[in-house]
Amino acid sequence: MTLSPWASNISPSPTLAVDARVKELIASGEDIAGFGAGEPDFDTPAFIKDACKEALDQGKTKYAASSGVPALRSALAEKYRSFNGIENASAAEVIVSPGGKYSCYLAILATCGPGDEVLIPAPYWVSYPEMVKLAGATPKIIEVGDEQGFKITPEQLEESISEKSKLLILNSPSNPTGAVYSKDELEALMEVVVKHDLHLMSDEIYEYLYYDGLSHTSPASFSAEAAARTITVGGFSKTFSMTGWRLGALHAPLEIAKAIGSIQSQTSSNATTFAQWGALAALEKPDLARAALDEMLVAFDRRRLNLLDGLNGIDGVKCLRAQGAFYLFPNVSSFGLSSNDFAARLLEEAKVAVVPGSGFGADDYIRLSYATSDEIIEKGLSRLKDFCASF
Ligand SMILES: Cc1ncc(COP(=O)(O)O)c(C=O)c1O
């Protein structure tokens, strides 16, 4: 049996691998301080679960329209207009998919193919380059270190563009760095995107998770020209602790949205019908949604600052103050190990689970998620400190 070129070329997700290994170790009785999980440690808010249960009881258990339940697409269109500032966003331009990850893949499949280059600033979310390869296109990685706040500059972008460039992928707030682009920074990047007639996939899955008083900007809101070339991707997983529900969403210019709808209709049909009815409650009950989100944000912010202080208090560790998502991405290169070796030894010797930076295209770093309890943060920091002191 020979595998296809796509299958032989793809690596499994390193973040999911760490998560699976940690769950295994915990199940076998090990006391692990886990910083691997890319998911909120809160339960899905009860009012969303209730709406889903009600949908089940009402028999909403059949196929739905492939691009999404119409009521949810309309509610999302309203959210894209009012929260994201995308003027005139319509339900026809919205696609609901089985997970934000699949939304990203659809966006890439619909815009890129063989011969195209996709510009990806590194550190990047692990799945982007693999998805680009699955689409038959070529990832072009642009290195962006902590000395520039993990953010690509317009000059760097300009220098990286070739006649093959088709799509730029941005992710703000970022997984793995937690970095956040300002409105001015995004506008400057969008100017380059427009000048070179590129598409932009703006992955905004962490659009509600900001700290230090910052708030979200969607590049598609800048102008009609910007909206005409931007696919805004997101979903329900991180905002409403709904990772297991598998519900993503995107807004795209109509022609691209239609193409994405066709690809989805031939590959996955619809996202789970009753899950979509649960998600609709999150949009239709903004007060309850806001209260649940604020409770989570207060906890995340406290943990962020504790973890940040703790990390920067360890000799040899250097960490930027991330202002979004729920990750910190410290530089551990001073210990002279690859990020894989550092993370493997940290797990074996100190029982602390982190994700090596290598999978994010940044081998000097490790990723820690602070979507975990205050106790684990305290315990993990103390173990990490002892581990680092042993070098
Ligand atoms: C940057 C980024 N984009 C997209 C996703 C996809 O999220 P989901 O498929 O769980 O909705 C994730 C999840 O980790 C992410 O970190």
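The values are calculated or read from the model by the stated rules, or taken from the named source; none is laboratory data. The structure presented is a predicted model; accordingly, all values stated were derived computationally and were not measured. Cβ coordinates were reconstructed from backbone atoms using ideal geometry, including for glycine residues, and neighbour counts include every protein chain displayed. Accessible surface areas use protein heavy atoms only, side chains included; no ligands, DNA or RNA. Shrake-Rupley method; radii C 1.70, N 1.55, O 1.52, S 1.80 Å.
Label-point separation (nm) for Lys62 and Asp184, each offset 7 Å from Cα along Cα-to-Cβ?
5.6
Only Cα pairs under 8 Å and at least 6 apart count here; give the relative contact order of the chain as a rounded whole percent.
RCO, the chain: 24 percent.
Which listed residue (Ala291, Ala64, Ser4) has the Cα farthest towards the positive end of the charge dipole for the chain, taking +1 on Lys and Arg C-beta and -1 on Asp and Glu C-beta about the Cα centre?
Ala64
Looking at the range 114-222 from every direction and averaging, what is the projected area of its Cα convex hull in nm²?
6.6
For the chain, how big is the tail of P(r) above 30 Å, as a whole percent of Cα pairs?
39
For every helix of n ≥ 4 consecutive DSSP H residues, a contribution of -39,500 (n - 2.57) applies; sum these over the chain, divide by its total residues, and give [θ] at 222 nm rounded to the nearest 500 deg cm²/dmol.
Estimated from H runs of four or more residues: -13500 deg cm²/dmol.
By its C-alpha gyration tensor, with a ≥ b ≥ c as the square roots of the eigenvalues, how is the range 189-255 shaped: rounded for a/c under 1.5, else prolate for a/b larger than b/c, else oblate?
Because a/c hits 1.5 or more and a/b fails to exceed b/c, the range 189-255 counts as oblate.
Could you work out the local net charge near Glu147, counting Lys and Arg as +1, Asp and Glu as -1, over the other residues with Cβ closer than 12 Å to its Cβ?
Every neighbour counted, the sum reads -1.
Show Glu93, Glu348, Glu30, Glu255 ordered by accessible area, largest first, where the area counts protein heavy atoms only and the probe is 1.4 Å.
Greatest to least solvent exposure: Glu255, Glu348, Glu30, Glu93.
Given Leu198, Ala224, Thr111, which one lies farthest toward the positive end of the charge dipole of the range 62-285, if we put +1 on the Cβ of every Lys and Arg and -1 on the Cβ of every Asp and Glu?
Thr111
How much accessible surface does Leu288 have with a 1.4 Å probe, in Å² rounded to 10?
Looks like 90 Å² after rounding.
Size of the dipole of the chain about the Cα centre, Lys and Arg at +1 and Asp and Glu at -1 on the beta carbon, nothing else charged, in debye to 20?
Charge dipole of the chain: 1000 debye, to the nearest 20.
Just the number please: accessible area per residue for the range 113-253, 1.4 Å probe, all protein chains included, in Å².
For the range 113-253, the per-residue accessible area is 33 Å².
Can you work out D for the range 62-285 in µm² s⁻¹ from Stokes-Einstein, where Rh is the Kirkwood radius over C-alpha pairs, the temperature is 10 °C and the viscosity is 1.306 mPa s?
92
Expressed as a whole percentage, what fraction of the accessible surface of the range 62-285 belongs to carbon and sulfur atoms when a 1.4 Å probe is rolled over the protein heavy atoms?
Taking all protein chains in place, the range 62-285 shows 50 percent carbon and sulfur surface.
In nm, what is the difference between 0.36 nm times the number of residues separating Asp301 and Gln266 and their Cα-Cα distance?
The Asp301-Gln266 span can extend by a further 8.4 nm.
Can you tally the net charge around Thr273? Count Lys and Arg as +1, Asp and Glu as -1, for every other residue whose Cβ sits under 14 Å from the Cβ of Thr273.
Local charge sum for Thr273: +3.
Could you give the dipole magnitude of the range 62-285 about its Cα centre, charging the beta-carbon of Lys and Arg +1 and that of Asp and Glu -1, in debye to the nearest 20?
1160
Using a cut-off of 10 Å between beta-carbons, work out the net charge of the residues near Ser241 (Lys and Arg +1, Asp and Glu -1, Ser241 not included).
So the surrounding residues net to -2.
Past the 29 Å Cα-Cα mark, which pairs from Lys60/Lys238; Lys151/Lys318; Lys133/Lys385; Lys140/Lys379; Lys49/Lys318?
Lys133/Lys385; Lys140/Lys379; Lys49/Lys318
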